[in-house]
Amino acid sequence: MENNKQMRKWLDDMNLPHPLVIAGPCSAETEEQVLKVAHDLKDTDVNYYRAGIWKPRTRPGNFEGVGAIGLKWLQKVKEETGLKTATEVANRTHVDLALEHDVDLLWIGARSTVSPFIVQEIADALKGTDKVVLVKNPVNPDLSLWLGAVERLNSANIEKLGVIHRGFSTYEKTKYRNIPEWQLVIELQTRYPDLPIINDPSHITGKRNMIFDVSQTALDLNFDGLMIETHCDPDNAWSDAAQQVTPDRLVQIMKNLRIRKETDEQAEYNSKLSNLRAQIDVIDNQLIEIMGKRMKVSDEIGALKKKRNVAVLQSNRWNAILGNMILEGEQRGLSEEFVLKMFKAIHQESINHQEKIINT
Ligand code: PEP
Ligand code: MN
């Protein structure tokens, strides 16, 4: 896939004064609900109205979407409000039906992106379409799998492309429903600077009160747009109730976000600066996380030493670590003085941890 500006022409042509906004309910539930939310979003920053018609549910027995009838409701949305429409497609039948009902934007869901067979089937069904097609990240943090899906669409002569970051599944429970991997996104942006990238804070957070902060981080990291699940009665939504916001709240979120406008030199400077600072924040968080992990391993060593009654400080081992790290650091432009200071601090923390374990 060559890096062509063609991929983002559809977005540039919209000439938006703000990030692209895709909003609407997780699922189309009833005709009334679909139309009510759409009318509430009509005169806002929203560019595409989303609604899930076929819902990929993790466990069977939950609401699995209204099916093709919902496409008729989306057509009505377009007629009554002028909003463009968007839905998820997961196989050839979905694609055929969505195209038949003139849906403007189709996205491939996280559970489909993991399967090259399904992605290829969708790409074949969409061959040459002039609709916008967005690819959500796969549920697992695999950049090649994600980009592979984009490449399959690109090879099927689909030009209006983009990706959606909706976070990744983790076994560990975290404050996120699906953890965002900003570092992976930065790598994707470096490899394909022209590929439009949208953030989906709804599925990343799973909680409506975290949506603003994640959206702001995304904009600071140069995301081109946001997809935010919006419902007129979020608590009673048939799917993803905890993460949906009301249309009023969406308007407020959009108003409060710091949106970068690259209009003059000062703005460009500020925009670059906030982008770099957001990258630093991501890396600093990773540093703290990795230090926490290191100390946990150190605790385990402490427990082992306790069992065997071995001294905490093993100077041979420590000198070997220092020597290696000074060499590694040199290759990355870090001074010997800095590496020594940093590792002394890490070592001290490690000793404190182990002392505590041995003496309890
Ligand atoms: C959705 O957008 O409603 C959805 C099911 O998302 P995902 O594929 O990210 O889980
Ligand atoms: Mn959802």
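The values are calculated or read from the model by the stated rules, or taken from the named source; none is laboratory data. These numbers come from a predicted model, not from an experiment. Backbone-built Cβ (ideal geometry, glycine too); neighbour counts: all protein chains shown.
Numbers for the structure displayed
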{"read-out": "Index of the failed condition, Ser335 passing every other in (1) hydroxyl-bearing (Ser, Thr, Tyr); (2) surrounded by 13 or more Cβ atoms within 10 Å (Cβ to Cβ); (3) over 15 Å from Ser350 (Cα atoms)", "value": "(2)"}
{"read-out": "Odd one out for Ser155, checked against (1) buried (at least 17 other Cβ atoms within 10 Å of the Cβ); (2) over 24 Å from Ile228 (Cα atoms); (3) hydroxyl-bearing (Ser, Thr, Tyr)", "value": "(1)"}
{"read-out": "Verdict on Met227 being within 16 Å of ligand 2 (Cβ to nearest atom) and surrounded by fewer than 23 Cβ atoms within 10 Å (Cβ to Cβ)", "value": "no"}
{"read-out": "The range 16-67: number of residues that are in contact with a helix residue (DSSP H, G or I) (Cβ under 9 Å, 6 or more places away or on another chain), within 13 Å of ligand 1 (Cβ to nearest atom) and either of a type in the set (Val, Ile, Thr) or free of Cβ contacts under 8 Å to residues at least 12 places away in the same chain (or both)", "value": "2"}
{"read-out": "Ile158, sole failed condition from (1) within 24 Å of Cys26 (Cβ to Cβ); (2) away from ligand 1 (no atom under 12 Å from the Cβ); (3) touching a strand residue (DSSP E or B) at 6+ places or on another chain (Cβ under 6 Å)", "value": "(1)"}
{"read-out": "Hits in the range 242-296 - residues which are under 19 Å from the mean Cα position of the chain (by Cα) and either small (Gly, Ala, Ser) or within 16 Å of ligand 1 (Cβ to nearest atom) (or both)", "value": "Ala242, Gln243, Gln244, Val245, Leu250, Ser274, Ala278"}
{"read-out": "The range 297-318, residues that are within 14 Å of Gln348 (Cα to Cα) and assigned to a helix (DSSP H, G or I)", "value": "Ser298, Asp299, Gly302, Ser315, Trp318"}
{"read-out": "When residues of the range 176-187 are limited to those that are at pLDDT 90 or above and surrounded by fewer than 17 Cβ atoms within 10 Å (Cβ to Cβ), the one nearest to the chain's Cα centre (by Cα)", "value": "Ile179"}
{"read-out": "Qualifying residue in the range 38-56 (condition: touching a Phe, Trp or Tyr at 6+ places or on another chain (Cβ under 9 Å) and at pLDDT below 95)", "value": "yes"}
{"read-out": "Condition check for Thr58: within 14 Å of Cys232 (Cβ to Cβ) and of a type outside the set (Gly, Ala, Ser)", "value": "no"}
{"read-out": "Any chance Leu134 is outside any loop (DSSP other than H, G, I, E, B), at pLDDT below 95 and in contact with a Phe, Trp or Tyr (Cβ under 9 Å, 6 or more places away or on another chain)", "value": "no"}
{"read-out": "Criterion: away from ligand 1 (no atom under 16 Å from the Cβ) and touching a residue at least 40 places away in the same chain (Cβ under 8 Å) - qualifying residue of Glu151, Glu121, Glu100", "value": "Glu151"}
{"read-out": "Output for the range 299-312, where each listed residue is touching a His at 6+ places or on another chain (Cβ under 7 Å) and modelled with pLDDT under 90", "value": "Gly302"}
{"read-out": "Residues of the range 196-216 that turn out to be among the small types (Gly, Ala, Ser) and within 13 Å of ligand 2 (Cβ to nearest atom), as a count", "value": "2"}
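For every residue, the table says whether it meets (1) under 9 Å from the mean Cα position of the chain (by Cα); (2) within 20 Å of Lys5 (Cα to Cα).
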| residue | (1), (2) |
| --- | --- |
| Arg166 | yes, no |
| Thr174 | no, no |
| Gln189 | no, yes |
| Tyr192 | no, yes |
| Leu195 | no, yes |
| Ile204 | yes, no |
